[in-house]
Every structure is written in C-alpha cells, then in structure tokens.
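Okay, so here's the structure we're looking at.
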Amino acid sequence: MSRTRSWWGWGTVEDALDELERADLLARVAAMMPGAVLAAHEPPDVATLDLPPARLVPPAPLAALCSTEPVDRAAHSRGKAFRDVVRNLSGDLPDVPDLVVRPVEERDVVDVLDWCSREAVAVVAYGGGSSVVGGVEPRLDGDYAGSVSLDLGRLDRVLEVDRTSRAARIQAGVLGPRLEDQLRPHGLTLRFFPQSFEFSSLGGWLATHAGGHFATLQTHIDDLVESLRVVTPVGTSQSRRLPASGAGPSPDQLFLGSEGILGVITEAWMRLQERPRWRRGASVHFADYAAAVDATRAVAQSGLHPANCRLLDPVEAFLATGVATGGGVLLLGFESADHPVDTAMDRAVTLCREHGGTVPEPPRADGDADRPGRDSATAAWRSSFLRMPYQRDVLAQHGMIVETFETACTWDRFPALHAAVTDAATTALREICGGGVLTCRFTHVYPDGPAPYFGVYAGGRWGSQVQQWDELKAVLSDTLLANGGTITHHHAVGRDHRPWYDRQRPDLVAAALGAAKQRLDPAGVLNPGVLLPTQPRRP
Ligand SMILES: Cc1cc2nc3c(=O)[nH]c(=O)nc-3n(C[C@H](O)[C@H](O)[C@H](O)COP(=O)(O)OP(=O)(O)OC[C@H]3O[C@@H](n4cnc5c(N)ncnc54)[C@H](O)[C@@H]3O)c2cc1C
C-alpha cells in the first residue's frame, strides 16, 4: 500500500495515531499532569500556507528535476524536531527553499553545485529530512540569490555487493527500509537501525555521525564505512576501499559529520554483516539508580559487547514499559550470526546481580532471525520506541512540550552531570512551564562513559511552545557543557547546536575547518550557517 508522507510531522499520514490511540495517550497525560490544557490544533492545509514566492529559475537542463510545488517546498523547509513540528502546525514558514531539486544521477549533483556556485544560490543536501537540529532548514543570514533543497531520494540503489569482503557500494539517498530490502537477497544487512530508520538516508547518517541501535562497539555509522564518494563544487573526492589505513588523517573523517557544508556524499562502500541467528534478551530491575549505573558500567567495561545495553531510569522505565522500580531497568541483548550468545548473557546478568539487579523473567533465547529474543519489558519498550515520534506529534498538537536532548560524558563525571541536569531541568521546567517530567536512558555505552539521552514532557502554552522549549534547551545545553558533556552524541550540530558547538570545539580546529570549506566550497553555498558561521562570497 502506498503511503503519504506527512508534510508537517513525522512519518506517514496513514501511520499516525488513530482516534483510540489518541484518546488513550491524552487520558494518560491528563492523569499525569492534571493542570495541562490539552485543546487540539489541527495542521493547516498546505494550500493555504502563505509561502514566500519562489525566486529562482533553474537552467533548462535542470528544469525537469525541479519542483516548486507548495507541498514540496513546505515539506523540505525544515526537519522533524519538536520545534519544527510546532512551527509547521502554526503555519509559520518564513524560510522555505525556492526549489526542490531531485537528481537522478551523480552528474546532476555536479551540475546543481556548478549552477548554485555561479549564481550564489545556497544548497542544502536533503536525505530523509529527519534532522532535529535545523540541519536542512534554509535559515540563511547571508546574501544569497535563493536556496535549493537537493533531495537525494532518487539515488537509492545498492550498486555492487562484494560478498568476499562483505561490503556494498550504496547510493547515499537510500532510506533505511529500501536499503535493507536490497541487501536481504544477499543474506546480508547493514544492521544500522536509528529510531528514524524508516525516514532517514544513508547519506544523512554519514553526514551527521548518526547513532544506530548497537549500544556498544559499532555505535556510529562511521564504524561501518569503508570509503566515501563526495561531490564538491570544485571536484569529486573518492577514497580508497580499505579495512583500515595508517596513511595520514583519514579522508573519510573529513566528510563524516560534515553536515553538507563540504560536499554532497553520493555513494559509500559500507561494511555489512550476516543476519544474526542467535539472540538473547533480558531485562534487569534495580532498586537503586546509582547501583544500576554501576552495573551498566561493569557490563560496558567487561568486553562482552552487548548489542543492547539501555539503562532506563525509573520514570522512563515506567512510561515506556509499565514496570515500576526504584532504580530503573537495564535492557540487555546479545546477538551473533556465528555462535550462541548464552555465555555472554549469563556473564552480563551475573555482573548485574553483583550490583543488586534482579531478573524477573529468565533471559529469552530465540533463533528466528526476524524475531529477536525479547522479554516483555524489552518488547514493550521497543514498540513504544517506534510509536514515540507519532505520539510526540499528537502531544505537540495538544500544546505540550515533548522533546529529547542527548550527550556523552566519561563515567567519572556522570553522577555530577546527571544531578546537574536534573536540578537545572526541575528549576527551568517549574519556571518556564509550571512543572514537568524529565526522563533519562543510556542509548549507547562505552568502556569510558555512557551516552545519556534525556526526555522532557511538560504542559506548554499554545503559541509559545517554541519559545518555551528554546529557553529550556538553552539552560540544558549550558548545563551539559558545564558538566563535561558534549552538545551532542549523535544528533549533530546543524544550526540549532551551533552556539554550544562553537564553545566546545578548539579554535584551531574551527579555523582548519573554515579553511577546508573555503577550498572545497569557494562560493560558500553549501548549507551556510551549519557547523560554521555563514561566509557568503558572491561571485
Ligand atoms: C523521531 C526521530 C528519531 C531519530 N532517531 C535518531 C537515532 O536513533 N539516531 C540518530 O543518530 N539520529 C536520530 N535522529 C536524527 C536524524 O534522523 C539523524 O540525524 C539522521 O542521520 C538524519 O538523516 P536524514 O537522511 O534524515 O538527513 P537529513 O535530515 O536530510 O539531513 C541531515 C544533515 O545531513 C546533510 N545531508 C543529508 N544528506 C547528505 C548527503 N548525501 N551528503 C551531504 N550532506 C547530507 C543535510 O544537509 C543536513 O545537514 C532522529 C530524528 C527523529 C525526528
């Protein structure tokens, strides 16, 4: 069945919450926040939006690839963060691309960059458009003739599979499901499943250091890259396929996380895996959160490398799985295509028990490749995880503030960072929203530290939600930096994290990045304002 992408919110129109799900969600919110005003606000009809007129006429050879349809321009004007959804709901779209261009081959990308460099037109590479940091929004503060959203969605094929080395050459515009569909007949998988998997692209993942579902080892897409092909305004860079290399700074590292400011990634050779055959899952309950953190650290430092190692704090565990604990729930999972994983799971459970954890259901084994071993808490968490973006949109429609922020820090700093974020959030939520709820889970864990991911739920004021969230976000971001965290572990920098990224990044590195940008993008047209201040240079 064909599905219609929502122009204003997450996913497809057909998969949005139905009336029963909506009613159930709102009843739960009303019980948790009795004072919240929950009037509904429907999205405006796209035909009624007062979009600024399109300012660009493409050169004739590119015209067939271009669209000025209002629904295209509106849908490409921003990503899918809470603040994007709320602004869309209010019909407030001052910054929209003049054209949406959909290349069908790499040559088209070269031609678009040539034209835009000549005419001082800003180019925003667009994969799935799931950015949560203002990465695809043409909010330009320079002197540009207009802006183009370069939608890579038609570059969506797996071009070659090397079974021997277990790698594939893949076009960057492919979205998660279509990528896996093309690898399945080969018995292989990329096994990279961010929460946004369905509506985000390989190129977007590479350009943002995206984080997938593996909690340890191959946490970021970077770990799965063999080589990259990148079109820049001054030429194309193709790195060599290698399993590893000691030859100077890595060419791929220049472009990984470059968020469309240095070039457009058109293809990548990616490392693949066999589909897992052995899986085990368990959830460990804790009475004390500090003990739960210590147990998670013990597992992260054990060398066991679980695929899943998500510590949900007590509030998150209750909201997502319905399990009430004093210290939270650790979701553990092991998987392998090659060997049973019972021994690793048993050892991880032993480590957790040594820190006071209890395992109410025995670890579940399951040999079926498409149905991983999941106990009931893990299954409940997973289904809530996938519905969460749709629920967020409904809550935004009802005037609430629902957003996440994430970081990483070393284990020695985590207790202080967690306490500081909890204090700052409690105070800011009381002052800005009259109260609210903060949750925390670890999305990834490393031997030297966790990646905590926080959720914020509060009653907002319709019409002021964006301002309220921006105030909260500024306080929370300041707190992360002051307590040894990074402004982002995997959500990227975009335009929205720039002020904190500027403080976090060494000045010399900023200068070197600026020099690389000048060399690769002399007209300064590639995604201006992302990662670096805008430096437009009209020809
Ligand atoms: C509900 C939800 C869940 C999410 N879950 C996760 C998660 O689990 N893990 C995670 O890491 N992130 C997550 N994100 C954030 C987002 O999905 C990631 O940043 C993702 O990598 C973006 O991919 P995309 O294809 O949608 O990129 P886009 O949003 O289209 O673009 C993101 C940035 O990359 C640039 N870009 C895109 N394609 C290219 C290209 N081919 N070449 C050069 N630059 C390019 C864009 O210009 C922009 O700066 C989530 C977002 C939402 C809304």
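When +1 charges are put on Lys and Arg Cβ atoms and -1 charges on Asp and Glu Cβ atoms, the dipole computed for the chain relative to its Cα centre reaches about 700 debye. Dipole magnitude for the range 1-129: computed about the Cα centre from +1 point charges on Lys and Arg Cβ and -1 point charges on Asp and Glu Cβ, it is near 300 debye. Surface composition of the range 1-153: carbon plus sulfur atoms contribute 54% of the solvent-accessible area (1.4 Å probe, protein chains only, all chains present). Given 20 °C and 1.002 mPa s, how large is the Stokes-Einstein diffusion coefficient of the range 254-353 in µm²/s, with Rh as the Kirkwood radius over Cα pairs? So the translational diffusion coefficient is about 137 µm²/s. At q = 0.14 Å⁻¹, what log₁₀ I(q)/I(0) does the range 116-236 have when each alpha carbon counts as one equal point scatterer in the Debye sum? With no solvent term, the Cα-only Debye profile gives -0.65. Can you work out the PRE-style zone for Gln504? Point 7 Å along Cα to Cβ, and I want the residues of the range 128-145 with backbone N under 20 Å. Residues passing the 20 Å test: 130-137. Ligands, DNA and RNA left out, the accessible area of the range 225-299 computed with a 1.4 Å probe is 51% carbon and sulfur.
How much accessible area per residue does the chain have, counting only protein heavy atoms and a probe of 1.4 Å, in square angstrom?
Numbers: 21740 Å² over 539 residues.
Value returned for the chain: 40 Å² of accessible area per residue.
A Förster distance of 35 Å, applied to the separation of the beta-carbon atoms of Leu217 and Ala60, puts the FRET efficiency at 0.10. Volume per residue of the convex hull around the Cα atoms, evaluated for the range 381-468, comes out as 90 Å³. If the chain linking Asp92 and Ser165 were pulled fully straight, counting 0.36 nm for each residue of separation and taking away their Cα-Cα distance, it would gain 21.3 nm. The distance between label points at Glu354 and His339 comes to 2.1 nm (points 7 Å beyond Cα on the Cα→Cβ vector).
Against the main long axis of the alpha-carbon atoms of the chain, helix 507-520 sits at an angle near 40°.
Note on the chain: Rg/Rh from C-alpha atoms, Kirkwood Rh, equals 0.95.
Each label was represented as a point 7 Å from its Cα along the Cα-to-Cβ direction; for Ser302 and Val13 these points are 4.9 nm apart. Relative to the longest principal axis of the Cα atoms of the chain, helix 376-397 runs at roughly 40 degrees.
Rounded to the nearest 10 degrees, the inclination of helix 465-482 to the longest alpha-carbon principal axis of the chain is 70 degrees. Rounded to the nearest 0.05, the FRET efficiency derived from the C-beta distance between Arg347 and Arg241 at R0 = 35 Å is 0.45. For the pair Ala145 and Val315, label points projected 7 Å from Cα toward Cβ lie 5.1 nm apart. Comparing Cα centroids, the range 497-539 and the range 141-194 end up 26 angstrom apart. Full extension of the chain between Gln253 and Glu69 gives 62.6 nm of extra length, using 0.36 nm per residue less the Cα-Cα distance. For the pair Leu51 and Asp423 in one chain, pulling the backbone fully straight at 0.36 nm per residue adds 129.8 nm over the alpha carbon distance. If you plug the beta carbon distance of Glu361 and Leu38 into 1/(1 + (r/R0)^6) with R0 = 56 Å, you get a FRET efficiency near 0.95.
The values are calculated or read from the model by the stated rules, or taken from the named source; none is laboratory data. Model, not experiment: these values are computed from the prediction. Don't worry about glycine lacking a Cβ; one is built from the backbone with ideal geometry, like all the others, and counts go over all protein chains shown. We work out accessible area using only protein heavy atoms, side chains counted, and drop any ligands, DNA or RNA first. Shrake-Rupley method; radii C 1.70, N 1.55, O 1.52, S 1.80 Å.
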